[in-house]
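The numbers here are math on the coordinates, done by the rules we state, and not lab data. These figures come from a predicted structure and were not determined experimentally. All Cβ positions, even for glycine, are placed from backbone atoms using ideal geometry, and neighbour counts span all protein chains on display.
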Ligand code: ADP
Ligand code: ASP
Ligand code: MG
């Protein structure tokens, strides 16, 4: 990820490495290189941006080298997406990226100005100036590499570098964005490229909790969580971190902390499994409302039919998640139920209807009033009965399970959306996660 700095950068680099070593070993100074990321609420208005500047100033004065990644001010990205959809429902993703990436650009400049007002040297670096190279999947691009050399040179000169999250540059030279929540991934990518000592993700809650604290009042903050658990939690809906950010942190061994920009308390560290001394059976409950269910009734039960159903969906980039197949009433055909993300539902139904004759099913039903609830924990590897406890607890609440899926450290069920809060709270209690 990290590409070499220019020759001048190199000599600066060796001199400052010497300086850093001198400070660390002779002066016993624990200077560090940190990436600090501030989410939408943390930079929600000018007062909040000034508060972030004060926090950054304190880190600089403690002798640390600081790179800051910022999100758009809260609500801005939603508004920009709204503009795009209103003017062009089937928008060109390259122009979408031009519009939605602008929110982060504004915040980066404002924070640089706020720091300058405090007497701190700071400048903003747009994605294309660094550059942050991505692939060409506009609106959901992946980072390919980040050239950290110029930023390192700038930090060595005592400047705070401020990077707008979420944005990069595609191979054709056009602006790209990383998908919603993508500033987390920008921050982790930058921490890997800059070989930072830690990446701090500042947000509006005090860390990673056993469940979304906004719906489970008794959720408690975890001191540590493993990369693997966080990866599962993020991928099943805990949007406190973007899934790709966790993937990248795990791959590049980035030390990651999630903490609040509103308090001064330590947050949650995301760590390797061997750093957690005692594993709880279940460490978290997550839910995702971004689900929709499709049932194909009486599909002819013959080899190759599943491939014929899911092939065209995959070709149209529709992701299928949970799948269940049942023999239908008469035993001759099969009913097939599966889930897709809500935004893909219309497209998926359209494709299946177009292929009805070829697929040979009798009826198609769809439902978007569903939610996926998951329990996650590495302790599940060595203990049986976790799923059974989940099913019993939902049955006791009178909640019907529509589809089930499992992995080594996770059990997910699909239920009616109206039961979301009830199910998450009940499971939180059953696995002993309620705050004491
Ligand atoms: P930011 O704008 O800082 O990126 P996000 O809204 O993306 O913030 O993520 C923080 C939110 O994630 C919290 O406000 C919280 O409601 C939600 N969340 C969901 N699950 C969890 C969890 N297990 N722990 C903490 N927060 C969670
Ligand atoms: N502003 C972008 C979003 O709202 C990226 C981010 O905040 O992480 O999705
Ligand atoms: Mg976020």
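Structure notes:
- C-alpha long axis of helix 183-193 to longest principal axis of the chain, angle in °: 50 degrees
- Peptides 321-328, 258-265, 156-163 ranked from most to least packed give 156-163, 258-265, 321-328, packing being the mean of other C-beta atoms within 10 angstrom over each peptide's residues.
- The angle between the Cα long axis of helix 345-354 and the longest principal axis of the Cα atoms of the chain comes to about 40 degrees, rounded to the nearest 10.
- Highest mean packing first, where packing is the average number of other Cβ atoms within 10 Å per residue, the peptides 378-387, 62-71, 239-248 line up as 62-71, 239-248, 378-387.
- Chain lengthening between residue 397 and residue 224 when straightened (0.36 nm per residue, less Cα-Cα): 59.2 nm
- Cα-Cα pairs of region 329-422 separated by more than 22 Å (percent): 46 percent
- Coordinate range of the alpha-carbon atoms in region 208-353 per principal axis, descending: 61, 30, 29 Å.
- FRET efficiency, 1/(1 + (r/R0)^6) with R0 30 Å, evaluated for residue 310 and residue 204 via beta carbons: 0.20
- When peptides 115-124, 336-345 are sorted by average Cβ neighbour count within 10 Å, with the highest value leading, the order is 336-345, 115-124.
- Principal axis extents of the C-alpha atoms in region 89-185 (largest first, rounded to whole Å): 46, 26, 21.
- Solvent-free Debye scattering, log10 I(q)/I(0), computed from the Cα coordinates of the chain at q = 0.07, 0.09, 0.11 Å⁻¹: -0.40, -0.65, -0.93
- For region 136-272: span of alpha carbons on each principal axis (Å, largest first): 47, 35, 27
- Relative contact order %, the chain, counting alpha carbon pairs below 8 Å whose residues are six or more apart: 14 percent
- Per-selection Kirkwood Rh - region 215-296 (Cα, Å, 1 d.p.): 14.1 Å
- Distance in nm between pseudo-label sites at residue 317 and residue 422 (7 Å out along the Cβ direction from Cα): 3.9 nm
- One decimal place: the segment residue 389-residue 343 gains 13.4 nm when fully extended, by the rule 0.36 nm per residue minus the C-alpha distance.
- The long axis of helix 102-117 is offset from the longest Cα principal axis of the chain by roughly 30 degrees.
- Label-point gap, in nm, between residue 350 and residue 136 - each point 7 angstrom along Cα→Cβ: 2.3 nm
- Taking 0.36 nm per residue of separation and subtracting the current Cα-Cα distance, fully stretching the chain between residue 366 and residue 407 would add 12.2 nm.
- Alpha carbon centroid spacing (whole Å) that separates region 94-124 from region 44-92: 7 Å
- Whole-angstrom gap from region 245-263 to region 318-360, using each part's C-alpha centre: 37 Å
- Cβ-derived FRET efficiency at R0 35 Å, residue 358 paired with residue 174, nearest 0.05: 0.40
- Taking a point 7 Å from the Cα of residue 45 along the Cα-to-Cβ direction, the residues of region 170-212 with backbone N closer than 18 Å to it are 204.
- Evaluated on region 85-125, the Kirkwood hydrodynamic radius is 12.0 Å, with distances taken between all distinct Cα atoms.
- With Cα atoms defining each centre, region 381-413 and region 162-218 are spaced 31 Å apart in the structure.
- Note: region 176-224, Cα convex hull, 97 Å³ per residue.
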